[in-house]
Amino acid sequence: MACSSSSSSQLPSPSTTVDETSPASISTVHTDIIQTHILTRLDGPTLASAASTSSQLRALASHHPLWANICRSTWPSTSTPRVRQVISTFPDGAFSFFSDSFPLLTNLDAAATTLAPNHDQDRPCELISAVDIYHRDKLILSKVVETETVTGWFRCSPFRIDLLDPKDVVPTQIKYPAGQESDTCRDLGDDLTLSWILIDPIGRRAMNLSSHRAVSVQRHWLSGEVHAWFASILPGEKGSASEQVQCGILVTCGESEGGELQVREVSLQVEDMDGMHLNGRDGLVILQRALEGRKGRKKSRREEEGKKRYEEYLERKKERKEKKLRTEGTLDTLCVAFGVLGFFVFWLFILCR
């Protein structure tokens, strides 16, 4: 009986039994563990999704250093002191900057085209370009360029931002694609990714003008250089040649003496549907409207939509060109007809005198 009493006294009481079937809660994990060992392993989109699941994760995920590290790892060019200072002035710091810069401009709200024209003093007086180029996820170029937009030269000249000086080249350890086959260019286009973040430091806004992957890759017939185009299509003035505008980023790659790939040119230009380059003043208006039209952006990065939008732009550009040629042809025919009619009327008048 004593043994029986001793055995029963060692059994756990019902009140101390652990219910292993009850679901675990995130609140049971220490906040330091979540913030330093879990959230730091997530990328930006995953972290944003996690923050929307509970108020506790939302509070932990709003930590500024967390988003600052994500911005620097996603875009190394943002680690420069100038860009870091500008990011700190955004409404929610690095989180606002990431929200502006990560989505591609594939669904920009066309309502931005109805904005009334702003005065020159309302437009950005300076633009900052933070550019990063990768080859197979390996960084080959990272640079920041500041551009003044208040000078008469900028506003009257074609809109163009050059990342490299004319004589500068960026060497790489990548083997230059040999041969004239289109497959070699296509492979290089698939391997290259680019981010061009345009920042308005005064308005505290940013957007990514790149399509992430190249929309077109061609080899120049004379120099043999490879031209990779990255582009975003922005809305402009309805009923005009700038109804849709292409912000094109050209990356020119050449071959070094050792057979490695060199980046020789990286430039941004703004072109309308007639193939004409917009001047700095008009290009600045288009970019400002795109910066203010952030509400139309999707919160995801769907690269296939960027290429599809570019192909639709080329198709509309082709249709506009054909329509213009038909109109010009009709006008030429009418001019010739009126000329011949005037010639016969003149001689008929002479002969009947």
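The values are calculated or read from the model by the stated rules, or taken from the named source; none is laboratory data. Remember, it's a predicted structure, so these values are computed and weren't measured experimentally. Neighbour counts are summed over all protein chains in view; Cβ atoms, including those assigned to glycine, are modelled from backbone coordinates with ideal geometry. All accessible areas refer to the heavy atoms of the entire protein, side chains included, with ligands and DNA or RNA removed. Shrake-Rupley method; radii C 1.70, N 1.55, O 1.52, S 1.80 Å.
Each peptide in 277-283, 257-263 was scored by the mean count of other Cβ atoms within 10 Å over its residues; highest first, the order is 277-283, 257-263. Annotation: amide H of Arg205 within the under-5 Å range of Asp200, sequence separation 5 or more or interchain, hydrogens built in the peptide plane. Surface composition of segment 32-97: carbon and sulfur make up 58 percent of the accessible area, probe 1.4 Å. Modelled label positions at Thr31 and Gln173, each set 7 Å beyond Cα in the direction of Cβ, lie 4.4 nm from each other.
Once both labels are positioned 7 Å from their Cα atoms along Cα-to-Cβ, the gap between Val150 and Asn69 label points is 3.9 nm.
Going by a ≥ b ≥ c, the root eigenvalues of the Cα gyration tensor, does segment 32-97 fall in the rounded group (a/c under 1.5), the prolate group (a/b larger than b/c) or the oblate group? Cα axes put segment 32-97 in the prolate bin. Subtracting the Cα-Cα distance of Thr330 and Ser49 from their residue separation scaled by 0.36 nm leaves 95.4 nm.
Farthest towards the positive end of the charge dipole of segment 174-295, among the residues Ser223, Ala206, Ala178, is the Cα of Ala206, using unit charges on the Cβ of Lys, Arg, Asp and Glu. Using θ = phi - 60° in the Karplus curve 6.51 cos²θ - 1.76 cosθ + 1.60, the 3J(HN,Hα) couplings for segment 205-216 round to 9, 8, 7, 9, 8, 8, 8, 6, 10, 5, 8, 7 Hz; x is entered for Gly and Pro. Computed about the Cα centre, the dipole magnitude for segment 32-97 is approximately 160 debye when only Lys and Arg (+1) and Asp and Glu (-1) carry charge, each at its Cβ.
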